[in-house]
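To start, the structure under review is shown below, and the notes come after it.
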Amino acid sequence: MAGTVADFIVAGLRESGIRRVYGLPGDSLNGFTDALRRDGGITWELVRHEEAAAFAAAAEAGVTGRLAVCTGTSGPGSVHLINGLYDAQRSRVPVLAIAAHIPQDEIGSGYFQETRPQMLFTECSVYCELVSTPAQVPWLLPIAMRTALERGGVAVLVVPGELFLAEMPRNAARLHPVARTSSLVRPDDASLARAAELLNGADRVTILAGAGCEGAHDEAVALADALKAPMVHALRGKDFLEYDNPYDVGLTGLIGYSSGYRAMEHCDALLMLGTDFPYRPFYPPNASVVQVDVRGEHIGRRVPVDVPLVGTVKDTAQALLPLLRRRTDGSFAQTMTDHYRRVRARLDRLAEARPGDSPLHPQHVTATIDRLAAPDAAFTADVGTPTVWAARYLRMNGRRRLVGSFNHGTMANALPHAIGIQAAHPDRQVVALAGDGGLTMLLGELSTLRQMDLPVKVVVFNNGALAFVELEMKAAGIVHYGTGLDNPDFAAQARAAGLSAARVQRADELEDALLAAFAHDGPALVDVHITRQELSLPPKLTYEQLKGFTLFATRTILSGRGDEIVELTRTNLRQLRLE
């Protein structure tokens, strides 16, 4: 085809199903953005910060399963992509980043805005290559797209700005659409037989399942039914396993439930399905382990594994099920699911509120969002306490989605993640659970919502602090310092940006404010003032954590801040009453 390198790239993206590109313009991207304008088949999604562009692409890819694209200009523009690209890479979602570069003749001279993009992006990508000549483009573009799709990660094409404007050779290779392939991947028969022998010989099997169970809900539950095994899910497995699952006992880990912790603690065999759950102290110390993962190199990274099984959860479960001896004794599963029901009832009671409660408890805020949101809503949650409350109070049903920076663990992800989901699904309800610290990091993206006319609903968990950091300090026995936030009126700021907005300071104001926001035909923000001292306790408190809390209380009083201990006690006294 005739035209410029940029024309060729845009046509290649369009032919492979790309419908939008997130980014900011700049001189080194001028050839690319102009090609987008002339082509007209791909929308330019203008954000206010390149980090938001990468986050948005990551969320779009995570929810759709398709390749998403973001761009950055030379130097600082591409550097700004890095945090969002790390998030995409660690969430294993397919993203293509087109990173513009300085003029080729100036590379290595210390030129204006010069960086080393290939070095910069190597660690957060599955593919990163510099395009040096137009003749490379027909090969490198599909290689980058294919690698991102097949390996589930970030591919980066570094393109010097003047190369976008160069003419493509008339004999260049023709374009081929690139799409994700579908394969059957399962272990060999001998490995399956060893796994079945171990599981059949165990007395108490627990399943730990994660995001690798996407598309394999029925197969995972069938394994639990055959083994009469309680199922613990990791946070990224919540979307795919929590619903229609009589064996579900909730999460484990620092934000999990005691029922999930106990199901792991008391098993003598653990079956891991599509999870790389990172917290070693929560694994059973003496259980035999069977681990299923399509990435063989990830098996055994967290706990010693007796039988490694390389394959998808769906294909492996279908092959393993006929080899399992169906159990009739379901007492272990019954004990653990009964425990979960008691834990769940207690958590639900903590979400109750009196009309005059002010500030509000975050449990009540999240449970109300869950009750009022659409059956197919997509939620995003900032790292920290919004993720804790989302994990505990948002209920998945097979149609809803929950997206967050659950592996990379970066702040400021909720709003830009919501941008990507809403851009890809304009008619879907998208709700961002934003922390006050996270929101202010990328506050400019409120203007992106208005400019792009994206009807995202932002609920701000406003406690005037970096609350999860304070909780970590308490557990370590440290008097919190440098964590208070002197917040503005977020509702006023949102209205100034062109959003519908409300401020909630009492429990009896919450439901009307949320209903109005959800019904609004456009972006909306609800600024909810919540308790600063709310404790989100882990499922098991260690001696070190208890000692840390004691030291924190003592040191806080001795430093003349005893009123904070009084407030902490008043806020969390109801948790003790429900024990």
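With Pro169, Pro94, Pro138, Pro117 as the choices, which residue is farther than 15 Å from Cys70 by Cβ and in contact (Cβ under 8 Å) with a residue 40 or more places away in the chain? So that I can check it myself, show each step before the final result.
Values: Pro169 fails: in contact (Cβ under 8 Å) with a residue 40 or more places away in the chain; Pro94 fails: farther than 15 Å from Cys70 by Cβ; Pro117 fails: farther than 15 Å from Cys70 by Cβ.
On inspection, the qualifying residue turns out to be Pro138.
Since Thr366 meets every condition but one in (1) of a type in the set (S, T, N, Q); (2) assigned to a loop (DSSP other than H, G, I, E, B); (3) buried (at least 24 other Cβ atoms within 10 Å of the Cβ), which condition does it not meet?
Looking at each condition in turn, Thr366 falls short on (2).
Name the single residue, out of those in the range 59-102 being in a loop (DSSP other than H, G, I, E, B) and touching a Leu at 6+ places or on another chain (Cβ under 6 Å), that is surrounded by the most Cβ atoms within 10 Å (Cβ to Cβ).
Checking each candidate, the answer is Pro94.
Quick test of your reading of the structure: Gly398 fulfils all but one of (1) at negative phi; (2) in contact with an Asp or Glu (Cβ under 9 Å, 6 or more places away or on another chain). Name the failing condition by number.
Checking Gly398 against (1) at negative phi; (2) in contact with an Asp or Glu (Cβ under 9 Å, 6 or more places away or on another chain), the one that fails is (1).
Before we move on, is Asp105 surrounded by fewer than 20 Cβ atoms within 10 Å (Cβ to Cβ), over 22 Å from the mean Cα position of the chain (by Cα), modelled with pLDDT under 95 and in a helix (DSSP H, G or I)? I'd like the intermediate steps shown before the answer.
Values: surrounded by fewer than 20 Cβ atoms within 10 Å (Cβ to Cβ): yes; over 22 Å from the mean Cα position of the chain (by Cα): yes; modelled with pLDDT under 95: yes; in a helix (DSSP H, G or I): yes.
So Asp105 fits the description; yes.
On the basis of being of a type outside the set (Gly, Ala, Ser), free of Cβ contacts under 8 Å to residues at least 40 places away in the same chain and either in the same structural domain as Thr252 (by TED's automatic domain parsing) or part of a loop (DSSP other than H, G, I, E, B) (or both), does Thr335 make the cut?
Working: of a type outside the set (Gly, Ala, Ser): yes; free of Cβ contacts under 8 Å to residues at least 40 places away in the same chain: yes; either in the same structural domain as Thr252 (by TED's automatic domain parsing) or part of a loop (DSSP other than H, G, I, E, B) (or both): yes.
Taking the combined requirement at face value, the residue satisfies it.
Which one of Ala135, Ala56 is closer than 19 Å to Pro25 by Cβ and assigned to a helix (DSSP H, G or I)? Please lay out each step first, then the result.
On the way: Ala135 fails: closer than 19 Å to Pro25 by Cβ.
Result of the check over Ala135, Ala56: Ala56.
Against the condition farther than 21 Å from Ala222 by Cβ and touching a residue at least 24 places away in the same chain (Cβ under 8 Å), how does Gly256 come out, does it pass? Explain how you work it out, then say what you get.
Details: farther than 21 Å from Ala222 by Cβ: yes; touching a residue at least 24 places away in the same chain (Cβ under 8 Å): yes.
Answer is yes for this residue.
Quick one: Glu50 ticks every box in (1) charged (D, E, K, R); (2) buried (at least 22 other Cβ atoms within 10 Å of the Cβ); (3) over 16 Å from the mean Cα position of the chain (by Cα); (4) over 21 Å from Leu163 (Cβ atoms) bar one, so which box is it?
(4)
For residues that are in contact with a Leu (Cβ under 8 Å, 6 or more places away or on another chain) and assigned to a loop (DSSP other than H, G, I, E, B), scanning just the range 281-298, find the one that is farthest from Phe240 (Cα to Cα).
Only one residue tops the list, namely Ala287.
Return the total of residues in the range 1-46 being of a type in the set (Asp, Glu) and assigned to a strand (DSSP E or B).
Step one: list which residues in the range 1-46 are of a type in the set (Asp, Glu), which gives 7, 15, 27, 34, 39, 45.
Now narrow it down to the ones that are assigned to a strand (DSSP E or B): 45.
Residues meeting the conditions: 1.
Given the range 444-516, what helices (runs of 4 or more DSSP H) lie entirely inside it while holding 2 or more residues that are polar (S, T, N, Q)? Show your work before the answer.
Details: elements: 445-452, 467-475, 490-496.
Hits in the range 444-516: 445-452.
Return yes or no: is Gln118 modelled with pLDDT under 95 and in a helix (DSSP H, G or I)? Reasoning before the result, please.
Values: modelled with pLDDT under 95: yes; in a helix (DSSP H, G or I): yes.
Taking the combined requirement at face value, the residue satisfies it.
Only one of Arg341, Arg346, Arg371, Arg354 is touching a residue at least 40 places away in the same chain (Cβ under 8 Å), closer than 30 Å to Ile530 by Cβ and outside any loop (DSSP other than H, G, I, E, B). Can you tell me which? First the steps, then the outcome.
Working: Arg341 fails: touching a residue at least 40 places away in the same chain (Cβ under 8 Å); Arg371 fails: touching a residue at least 40 places away in the same chain (Cβ under 8 Å); Arg354 fails: outside any loop (DSSP other than H, G, I, E, B).
Exactly one residue qualifies, and that residue is Arg346.
Would you point out the residue of the range 108-131, among those that are within 19 Å of Thr73 (Cβ to Cβ) and of a type in the set (Ser, Thr, Tyr), that is surrounded by the fewest Cβ atoms within 10 Å (Cβ to Cβ)?
Taking the candidates together, the pick is Ser109.
Can you find a residue in the range 189-201 that is of a type in the set (Asp, Glu) and either surrounded by 19 or more Cβ atoms within 10 Å (Cβ to Cβ) or touching a helix residue (DSSP H, G or I) at 6+ places or on another chain (Cβ under 7 Å) (or both)?
Within the range 189-201, not a single residue is of a type in the set (Asp, Glu) and either surrounded by 19 or more Cβ atoms within 10 Å (Cβ to Cβ) or touching a helix residue (DSSP H, G or I) at 6+ places or on another chain (Cβ under 7 Å) (or both).
Please count how many residues of the range 376-387 are surrounded by fewer than 23 Cβ atoms within 10 Å (Cβ to Cβ) and either assigned to a helix (DSSP H, G or I) or charged (D, E, K, R) (or both).
Qualifying residue count for the region: 1.
From the list Val249, Val232, Val310, pick out the single residue that is in contact with a Gly (Cβ under 6 Å, 6 or more places away or on another chain), within 19 Å of Arg194 (Cβ to Cβ) and either among the aliphatic types (A, V, I, L, M) or in the same structural domain as Met336 (by TED's automatic domain parsing) (or both).
Working: Val249 fails: within 19 Å of Arg194 (Cβ to Cβ); Val232 fails: within 19 Å of Arg194 (Cβ to Cβ).
Going through Val249, Val232, Val310 in turn, just one is in contact with a Gly (Cβ under 6 Å, 6 or more places away or on another chain), within 19 Å of Arg194 (Cβ to Cβ) and either among the aliphatic types (A, V, I, L, M) or in the same structural domain as Met336 (by TED's automatic domain parsing) (or both): Val310.
Given the conditions (1) touching a Ser or Thr at 6+ places or on another chain (Cβ under 6 Å); (2) modelled with pLDDT of 95 or more, and given that Pro304 satisfies all but one, which numbered condition is not satisfied?
Looking at each condition in turn, Pro304 falls short on (1).
Looking at the structure I just gave you, is Pro278 under 21 Å from the mean Cα position of the chain (by Cα) and outside any helix (DSSP H, G or I)?
Spelling it out, Pro278 is indeed under 21 Å from the mean Cα position of the chain (by Cα) and outside any helix (DSSP H, G or I).
Scan the range 202-238 residue by residue and report those that are touching a strand residue (DSSP E or B) at 6+ places or on another chain (Cβ under 8 Å) and without any contact (Cβ under 8 Å) to a residue 60 or more places away in the chain.
Val221, Met231, Val232, His233, Ala234, Gly237
Can you pull out every residue in the range 411-430 that is assigned to a loop (DSSP other than H, G, I, E, B), touching a strand residue (DSSP E or B) at 6+ places or on another chain (Cβ under 8 Å) and buried (at least 24 other Cβ atoms within 10 Å of the Cβ)?
Of everything in the range 411-430, just one residue is assigned to a loop (DSSP other than H, G, I, E, B), touching a strand residue (DSSP E or B) at 6+ places or on another chain (Cβ under 8 Å) and buried (at least 24 other Cβ atoms within 10 Å of the Cβ), namely Asn413.
Take the residues in the range 253-275 that are modelled with pLDDT under 90 and surrounded by 24 or more Cβ atoms within 10 Å (Cβ to Cβ), then tell me which one is nearest to the chain's Cα centre (by Cα).
Here the residue is Gly256.
Quick one: in the range 132-181, of everything that is among the polar types (S, T, N, Q) and under 29 Å from Ser91 (Cα atoms), which residue is surrounded by the fewest Cβ atoms within 10 Å (Cβ to Cβ)? Walk me through it before giving the result.
Within the range 132-181, the first condition is being among the polar types (S, T, N, Q), and the residues that meet it are 132-133, 136, 147, 171, 181.
Still in the list and also under 29 Å from Ser91 (Cα atoms): 147, 181.
Working: Thr147: 21, Thr181: 8.
Going through the qualifying residues, I end up with Thr181.
Answer with yes or no whether Gly398 is modelled with pLDDT of 95 or more and outside any strand (DSSP E or B). Quick ask: steps written out before the conclusion?
Values: modelled with pLDDT of 95 or more: yes; outside any strand (DSSP E or B): yes.
Yes.
Looking at the range 230-241, can you tell me whether even one residue there is of a type in the set (Asp, Glu) and surrounded by fewer than 18 Cβ atoms within 10 Å (Cβ to Cβ)?
Residues of the range 230-241 of a type in the set (Asp, Glu): 239.
From the residues that got through so far, the ones that are surrounded by fewer than 18 Cβ atoms within 10 Å (Cβ to Cβ) too are none.
Within the range 230-241 (the criterion being of a type in the set (Asp, Glu) and surrounded by fewer than 18 Cβ atoms within 10 Å (Cβ to Cβ)), the answer is no, since none of the residues qualifies.
The values are calculated or read from the model by the stated rules, or taken from the named source; none is laboratory data. Because the structure is a prediction, the values reported are computed rather than measured. Virtual Cβ from ideal backbone geometry, glycine too; neighbours counted across all protein chains shown.
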